[in-house]
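Report on the following structure.
The values are calculated or read from the model by the stated rules, or taken from the named source; none is laboratory data. Since the structure is predicted, the reported quantities are computational estimates derived from the model, not experimental observations. Reconstructed Cβ throughout: ideal geometry from the backbone, glycine too, with neighbour counts over all protein chains shown. Areas reflect the complete protein model, heavy atoms only, side chains present, ligands, DNA and RNA absent. Shrake-Rupley method; radii C 1.70, N 1.55, O 1.52, S 1.80 Å.
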Amino acid sequence: MTTKREKLVLVGNGMAGIGTLEQILKLGGAYDITVFGSEPHPNYNRIMLSYVLEGSKTLEDIVLNDWSWYKDNRITLYTGTTVTRIDAASRQVIADNGIAVPYDKVILATGSRSFILPIPGSDKNGVIGFRDIADCEAMLEAAGQYRKAAVIGGGLLGLEAAKGLVNLGMDVTVVHLMEDLMERQLDRNASAMLQAELERQGIKFAMGKQTVELVGDERVQGLRFSDGSELAADFVVMAVGIKPNVALAQASGITVNRGIVVNDYMETSMADVFSVGECTEHRGVCYGLVAPLFEQGAVLAKHLCGAATLPYEGSVVSTKLKISGVDVFSAGEFIETPEHVVIAAKDEWKKTYKKVLLRNNAIVGAVLYGDITESASLQKLVKQGAEMTEEIYAEVMGAGCCGGGTKKSASVEAMADEEIVCGCNGVTKKAIVDAVTENGFTTVDEIKACTGATRSCGGCKPVVEQILQYVLGDGFRESAKQGICGCTPLSRDEIVAEIKAKGLRSGKEVMNVLGWRQEEGCSKCRPALNYYLGMLYPDTHEEESESRFVNERMNANIQKDGTFTVVPRMYGGVTTPEDLKKIADVSLKYNVKVVKVTGGQRLDLIGVKREDLPKVWEELDMPSGYAYAKSLRTVKTCVGSQFCRFGTQDSMSMGALLERKYERLDMPAKFKMAVNGCPRNCAEACTKDIGIVGNDGGWEIFIGGNGGIKARLADSFCKVKTDEELVEICSAVIQYYRETGKYLERTSEWVERMGLAHIQDVILNDEDNRKQLAARIDFALAQVTEPWQAMLKNEKARNALFETVKP
Amino acid sequence: MNTTMQEYNVGSLEDFLPRIGRVVELGGVQLALFRTSEGTIYALENRSPHPKGGPLAEGMVSGCYLYDPLYDWKIDLRSGEVQAPDRGIVKTYPVTETAGQIKVCL
C-alpha cells in the first residue's frame, strides 16, 4: 500500500538521539532506521554515571535500551563507529571505517565531550573528563591504585565526581575558579551551605584557584595555580564544562556556531539534516541537561512523522545534585538583581534554604537547599511563569498547615500534555494520564512499570503522584493507599489484626479473605504472611516453604553463579580441632571454592553445588548456622573471664548459651547478638540487635545496633545483676520484636519506630508482661527443629529441591 | 545433527512439589520445571535473562508467574516473558501430560 520506506540515519547513540527515535516509533513513523554510535555500548543513562561511581548502580543497571531493543525495532546499529561526513550530493552518511549509508533524513545527536583546559600538562596520563562509561571505568580503576585526586570544577558534574571518588576511598580536593560552588545554579547562601555539608562528607576544597599547569612526568603529579601555589594529585578529573561535538557538522559544511545551529523545528542549515541534544545550538543556547533534550526530541519526532507540533521555543532548565544526603535544586533565574522581588527563608538549624524570585510578580526562578519537596511544583511554576498568589505562596513557602492536595493538583491540571514529567526517561504528562485512564492504574508503581516514569532517579515521583491524584480525583485516596506490597492496601498491623480477628490460618486464606489483588500474592507479601502466621500460631502453623525466599527454602545461601554456601553453627564462635578437621575434609571432598571466616565468627564454605548440599550436611553432621535466615545469626563473643586478664564475665559461655537458646526461631529480619566479658567491648556490642557488655557486678544490655547498610549505635537498654535476669530480658525483647516488628524490619528501625522509652516501659516496668513475653518465646522455641537433619530425613523434598532430573 | 524435536519423559506430576521449581537436564540443556497450584507444569531454560544470569529454578511461583530468586524479576511462565519494568525473555519448552507422565519437548 505504501511506497518504499524512507531511510532515517541517526548519528549518535545516546539519550537525545534514541529518545527521539523512541518518540518516532511511538508515533508509528515508517522509517528504515540506522544508528551510529562511537561508544561500544547500547544507549545508557548518562545522568546516572554518578550512581555507578558512587556504587549504588552497576553499568548494567543504567542501560536504557539493550541490544534486543534495536533488534526488536529492526534498527541497524553500528557501535564503535564514528561518522566523519554527510555527503549532501550523493545523500550518504560516511563513517570512519568506510561504511556508507544512504539517507532521506539525518538526525545529528553527537552530544558533547568534557572540555579539557588548554593548559600545559593536560595531556598527561591520569587526566580525564567525566562524561562516559570509559571515564567512569578509569575513575574506578584509579581509585584502586592512587590516593590523591583533584577535581577541577565545582559545578554539578565536578561535585558528583568528587563525591564518587571520596566514596571509593580517595583523598579528593575540588579546585574551583570561583569563590562559590555551583555558582551557575546557586546563590551565595545555598552555595555556602552546600560546601559546609560536602566538607563534612570528606571533600576538600581549594576555592578561587585558577589552574595554570599540570605538573609531573608522564603521569600527572600535581596542579600549579596562578598564585604560584601547588597541590599534589596523582589523578585529575576535569569537570569544567562541556563542548558540543560539532566536527562532523563542520566537516559536512553545516552552519556551526558554538553548537550545530538549528531553527525551532530542529532543522540545520543542510536540507533534511536535523540536530537534537547537547551538540545543538538553539536561539544561541547549548543545553547540557537532560530535559531540553527530550523536549527537542519530542518536537523533532512529530515534525518527522508529519504530526502537528508547536515549535520548540527553548527550555527552562532546572538542576538537581545527585549526591546522597545533599539535596540541592534550582530552576530558572536565581541570582537576584534590583528588578527581582525576593522571597527567601534560611534556617540554619534545620540546614535548609529556600528562595523564590519574582519579576513583575511572575515566578521566574527558585533555589532550594536541604528540603526539596517543593522542587517539582516550583519547576512547573517557573516554567509557566506563574503569577504569585496567596495560595501559591502558602503552598511553596509553607505558611499555614492546611491546604496542599487540591492546590497541587491544580498546577498539574495547568500542565501541558506534552510536558516532560520524567526527565530521565522522557515520559510526558499525557503518557501518564493515558496509562492511568486506559489501564485503571492506581499506584505510582503501576505507572512506573508501564511508562518508565520514576524508574531512574525518582525525582519526579511527587509530580507523578499529583497527576495520579488529579486523574483519579476522589477515588485516589482510597485506592492508592499502599499496603505491604502491591497486592493489598492493608498495612502490617491491619493484616495481623485481621488474621487474629478472623482466625485466618494460611497464606491462601489471608489472600482470599482480605481480597488480594494478585490471587497468589507476590515475592514481597508471601514470605511476610508466612512469618506473621508462624509468629501468631507457633505450634499449629504449617510452614509454607514455597513462600520462603530461596535461601530459607534451600537452607543455604545462593550465590550469583547458582552454587551455594554452607555455614555450620559454631556456638559463641567457638569450635574444636575435631570439627575443624571435619570441615576441612568435607571442603576438600566437595571441592569447596573458598573457605571464609565470616564477620560473625564462623566458617563459610563457598561454592557448594546444589546437588551436593545434602551430602555436605550429612558428612559435616553439624547444626545449620542459619546464615541465610531471618533468624538469630550468631552470638559474637570475646574470650572473656575464662582466659582474658581483663575479663569480668564468662562471655564465651554466655554467648553459647544464648545462641543455643534462641537459634532457629523465625524473626522479622536477621538478628545478631554479641556478648563481651568487659567494657572493652572486643565483640562489638554497639552494632548488634542485642549487645551485652559484662561488668564487675553484672551485665549491661544494648539494643537496636546495626553495622550494615544504615549504621546505628545500639541504645543502652538496662543493667542487670544476674544471668537469669539477662536471659529474661533478652527473651522479652526478642519476643516483643517478633510480635510488633514488620517483616524485614531490623531492630535498628524497630527501636526508632516504637521508641526506646516505650520498649523499656513495657518490658522493664511491667514484670507481668515481661514474664508473659518470655513464656511465649519459650513456647515458640519448643517448636523449632534442626533444618538440615529434617531435610535429610525428607526424601521427597530433598530430591525435588536438590536433585537434577536426568532422564 | 538431529534437528527434529524429541520428547523426554521427566516423571509424574507427584514428582514435582506445588509452586517449587525442579532442575531437569535434557540433551545438555538445563531446564527449570515449575508446577503451579493448578497442577500445570511449565518448562523454562534454567537461566535468568538478567544480564548477570543465574538460575531460575529456586524462584517463587505465584499463579502463572515466577519471581526469579536472584533479582526478583517477574516472569510469565507461559511465554517466558519478563514483566515490565524489566525486559527480557526466557526460552520455554512445550510440556505435555499423557497417562500421568510429564513429557518435555526439546
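Over all distinct alpha-carbon pairs, what is the Kirkwood Rh of the protein assembly as shown in angstrom?
Working: mean 1/r = 0.0317 Å⁻¹.
Its Kirkwood hydrodynamic radius stands at 31.5 Å.
Which residues of the range B:33-64 end up with at least 50 Å² less accessible area in the presence of all protein chains than when their chain stands alone, using a 1.4 Å probe? Residues passing the criterion (a loss of at least 50 Å², heavy atoms only) are B:Lys52, B:Glu58, B:Met60, B:Ser62. Peptide A:513-519 shows a mean partner chain C-beta count of 1 within 10 Å per residue C-beta.
What shape does the range B:15-93 have by the C-alpha gyration tensor, where a ≥ b ≥ c are the square roots of the eigenvalues, rounded means a/c under 1.5, and otherwise prolate means a/b greater than b/c and oblate the rest? Before the final figure, lay out the partial values.
On the way: a/c = 1.66, a/b = 1.17, b/c = 1.41.
Cα axes put the range B:15-93 in the oblate bin.
Within the range A:480-596, all pairs of alpha-carbon atoms sorted by distance into 5 Å bins from zero give the percentages 2, 10, 16, 16, 12, 9, 9, 10, 7, 6, 2, 0. Put simply, the amide H of B:Tyr65, placed in the peptide plane, has neighbours under 5 Å in B:Leu77, leaving out anything fewer than 5 places away on its chain. One Cα centroid belongs to the range B:2-70, the other to the range A:495-517; the line between them spans 30 Å. In terms of accessible area, using a 1.4 Å probe and ignoring ligands and nucleic acids, A:Lys302, A:Lys742, B:Lys91 rank largest first as B:Lys91, A:Lys742, A:Lys302.
With an a/c value of 1.5 or above and a/b not larger than b/c for the gyration tensor axes a ≥ b ≥ c computed over the alpha-carbon atoms, the range A:730-776 is described as oblate. Here, the range A:627-785 yields an orientationally averaged convex hull projection of 8.6 nm² when only Cα atoms define the hull.
The residues of chain A expose on average 44 square angstrom of accessible surface per residue, using a 1.4 Å probe on protein heavy atoms. Whole Å is fine, so just give me how far the alpha carbon centre of the range A:333-404 lies from that of the range A:609-651. Measuring centre to centre over Cα atoms gives 57 Å. Working note: Debye formula, equal point scatterers on the alpha-carbon atoms of the range A:492-548, no solvent; log10 I(q)/I(0) at q = 0.14, 0.21, 0.27 Å⁻¹ is -0.31, -0.72, -1.23.
At q = 0.10, 0.17, 0.24, 0.26 Å⁻¹, what is the log10 ratio I(q)/I(0) for the range A:134-229, with the Debye formula run over Cα points and no solvent? With one equal scatterer per Cα and no solvent, log10 I(q)/I(0) is -0.27, -0.77, -1.31, -1.41.
With solvent modelled as a 1.4 Å probe, how much accessible area in total do chains B and A shield from it at their shared surface, in Å² to the nearest 100? Write down the numbers at each step before the final one.
Details: alone 6220 and 36960 Å², together 40130 Å².
Interface area, both chains combined: 3000 Å², rounded to the nearest 100.
Taken as Cα centroids, the range B:80-104 and the range A:47-107 sit 34 Å apart, rounded to the nearest whole angstrom.
So, R0 is 45 Å and r is the distance between the beta-carbons of A:Glu391 and A:Gln145; what FRET efficiency does that work out to, to 0.05?
Working: r = 57 Å, r/R0 = 1.26.
Once the sixth-power term is evaluated, E becomes 0.20.
Using alpha carbons only, the radius of gyration of the range A:703-807 set against its Kirkwood radius gives Rg/Rh = 1.15. Accessible area of A:Tyr44 (1.4 Å probe, protein heavy atoms only, ligands and nucleic acids ignored): about 10 Å².
Counting, for every residue in B:15-27, the Cβ atoms of other protein chains within 10 Å of its Cβ and taking the mean gives 5.
May I ask for the net charge around A:Val616, where only other residues with Cβ less than 12 Å from the Cβ of A:Val616 are counted and Lys, Arg are +1 while Asp, Glu are -1?
Details: positive: A:Lys582, A:Lys589, A:Lys609, A:Arg610, A:Lys615; negative: A:Asp585, A:Glu611, A:Asp612, A:Glu618, A:Glu619, A:Asp621.
With Lys, Arg at +1 and Asp, Glu at -1, the neighbours total -1.
Computed with every protein chain present, the accessible area of A:Glu179 is close to 120 Å² [probe 1.4 Å].
Within the full protein context, the accessible area of A:His340 is estimated at about 20 Å² for a probe radius of 1.4 Å.
Share of the protein assembly as shown's accessible area from carbon and sulfur, percent, 1.4 Å? Intermediate results must be reported in sequence, preceding the final value.
Details: 19900 of 40130 Å².
Answer for the protein assembly as shown is 50 percent, counting heavy atoms of protein chains only.
Surface listing: A:Cys682, A:Cys286 arranged by accessible area from highest to lowest gives A:Cys682, A:Cys286, probe 1.4 Å.
Values of log10 I(q)/I(0) for the range B:5-46 across q = 0.21, 0.25, 0.28 Å⁻¹ run -0.64, -0.88, -1.05, by the Debye formula with one identical scatterer at each alpha carbon and no solvent. In percent, what relative contact order does the range A:627-785 have, based on Cα pairs under 8 Å that are 6 or more apart in sequence? Result for the range A:627-785 is 19 percent.
Working note: Karplus 6.51/-1.76/1.60 with θ = phi - 60° gives the range A:242-248 the couplings 10, 10, x, 7, 10, 4, 4 Hz, where Gly and Pro are set to x. In percent, what relative contact order does chain A have, based on Cα pairs under 8 Å that are 6 or more apart in sequence? For chain A, the relative contact order is 7 percent. Remark: spin-label model distance A:Lys243-B:Lys52 equals 3.8 nm, labels positioned 7 Å along the Cα→Cβ axis. Heavy-atom accessible area with a 1.4 Å probe sorts A:Asp561, A:Asp132, largest first, into A:Asp561, A:Asp132.
For the range A:136-285, what proportion of DSSP beta bridges, expressed in % and rounded to the nearest 5, is antiparallel? Working shown, then result.
Numbers: 11 of 27 bridges.
In the range A:136-285, DSSP labels about 40 percent of beta bridges as antiparallel.
Kindly work out what percent of the DSSP beta bridges joining two residues of the range A:649-807 are antiparallel, to the nearest 5.
On the way: 12 of 16 bridges.
Roughly 75 percent of the DSSP beta bridges within the range A:649-807 come out antiparallel.
Helical content of chain A, expressed as a calculated mean residue ellipticity at 222 nm, amounts to -10000 deg cm²/dmol (DSSP H runs of 4 or more residues, -39,500 (n - 2.57) each, divided by residue number, nearest 500).
Rounded, prolate or oblate: which fits the range A:547-601, taking a ≥ b ≥ c as square roots of the Cα gyration tensor eigenvalues, rounded meaning a/c under 1.5, else prolate when a/b beats b/c?
Since a/c reaches 1.5 but b/c is at least a/b, the shape of the range A:547-601 is classed as oblate.
Looking at the protein assembly as shown, the DSSP beta bridges with both ends there are about 70 percent antiparallel.
What is the calculated FRET efficiency for A:Gln384 to A:Glu498, with r their C-beta to C-beta distance and R₀ = 45 Å, to the nearest 0.05? It would help to have the intermediate numbers written out before the result.
Details: r = 46 Å, r/R0 = 1.02.
Here the calculated transfer efficiency is 0.45.
What are the DSSP H helices in chain A that stretch 20 Å or more along their long axis, judged by alpha-carbon atoms, and whose average Kyte-Doolittle hydropathy comes to at least -1.0? Counting only whole DSSP H runs, the qualifying helices are A:290-305, A:723-740, A:767-781.
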